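Please treat every number below as a calculation from the coordinates, not as lab data. From a predicted model like this one, the values you see are computed outputs, not experimental measurements. Quick reminder, even Gly has a Cβ in these numbers, built from the backbone with ideal geometry, and neighbours come from all protein chains shown.
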Amino acid sequence: AVKCAGRRQVRRYQPQQDAATERFQVLARDLSVALAREELSLHFQPVFRLSDLRPVKAEALLRWTHPQLGAVSPGEFIPVAERVGLIAPVGAWVLRAACLEALRWGDVTVSVNVSAVQLLQAEFPQVVQGALRDTGLSARRLELELTETAALYEDTRAAQTLEDLRALGVRLSIDDFGSGYSNLSRLRTLPITGVKLDRSCIQGLPDGPGGPFARALLEAVLGLTRHLPLDLTAEGIENAAQLTALRDLGCPLGQGHGLSHPLTAPDFRALLHTLPPSGGQAGAAASCFR
Ligand code: C2E
Ligand code: MG
Ligand code: MG
Ligand code: MG
């Protein structure tokens, strides 16, 4: 198993996720009406081909603006939705909204985060199929990001669901790879098309304290993903030094605040409109690196 820095344990402990707290109760109650009140929206973080900094994908990231509490992060309210049975309606809304938006993009893929709870629901493949059918988005332009959990690697129902999803033609990637239960041999046997390397794995690049280890890990993961072959996306690229190191190592795809923050839907469309025709030289990272 591969595991990067201990960030996960730190991030996992969130007292407000305790169902007994008042905050949890308020979020659970208000999330049930947030959809109807149109308080949810999607932002889109561009994923760039690192060789030319062209956006080839965007990750849909859910945003909730609560009327009193203001912005509540998905890291906080998704676990609440999972625990009170609201992840299915919220997840179905995200899928549909992401597919609808992607119709306006040309040949750019949309990635949608899927929680382990959704993946374990028997009807999930039909929900995905329904979103594709109702919006008319081509299946190959939809990618589902599956959080790395024990269920993903060990649950036989989840394994069947992955096969059913691939049969629809959607792309599947493992999110936050290197942060949890990473199982290298399962990369070969799962019906996935890509891996997203957790940002804790690239934090030390190029010459931070964990730099030599980060480089060795990347070389290993690059070797594996080239061999299989799988798409590899580096998450959390924050500075030019990390970008340069990743490019030099040959990492194909990347995203992060240093390249572009998550954008509103109109801002992402505007970014796509500034692109030269494909095959052109210049990329479009809205970044500080150019
Ligand atoms: P994730 O899928 O790993 O998404 C990446 C998170 O890292 C996003 O946080 C993004 O804004 C943030 N990020 C991007 N670039 C950088 C960077 O350079 N540095 C740092 N420190 N962070 C960066 P966000 O939007 O708060 O989402 C957090 C998590 O919530 C996501 O992690 C994902 O697991 C979950 N999530 C978001 N939207 C959805 C959704 O629609 N459905 C489900 N089930 N989960 C979602
Ligand atoms: Mg993700
Ligand atoms: Mg995640
Ligand atoms: Mg991630």
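Could you work out the local net charge near Pro229, counting Lys and Arg as +1, Asp and Glu as -1, over the other residues with Cβ closer than 14 Å to its Cβ?
Taking every other residue near Pro229 into account, the sum is +2.
Contour minus end-to-end for His261 and Val33, with contour as 0.36 nm per residue of separation and end-to-end as the Cα-Cα distance?
79.3 nm is the gain from fully extending His261 to Val33.
Got a sec? Charge dipole of the chain, +1 on Cβ for Lys and Arg, -1 for Asp and Glu; which of Leu190, Gly256, Ala241 is way out at the positive end?
The Cα lying farthest towards the positive end belongs to Ala241.
Given Cβ point charges of +1 (Lys, Arg) and -1 (Asp, Glu) and nothing else, what value in debye, to the nearest 20, does the dipole of the range 174-250 about its Cα centre take?
260 debye
For Leu272, put the label point 7 Å out on the Cα→Cβ axis and report which residues of the range 31-56 keep their amide N under 11 Å from it.
From the range 31-56, the list is 56.
Given the -39500 (n - 2.57) contribution per DSSP H run of 4+ residues, what per-residue ellipticity at 222 nm results for the chain, rounded to the nearest 500 deg cm²/dmol?
-12000 deg cm²/dmol
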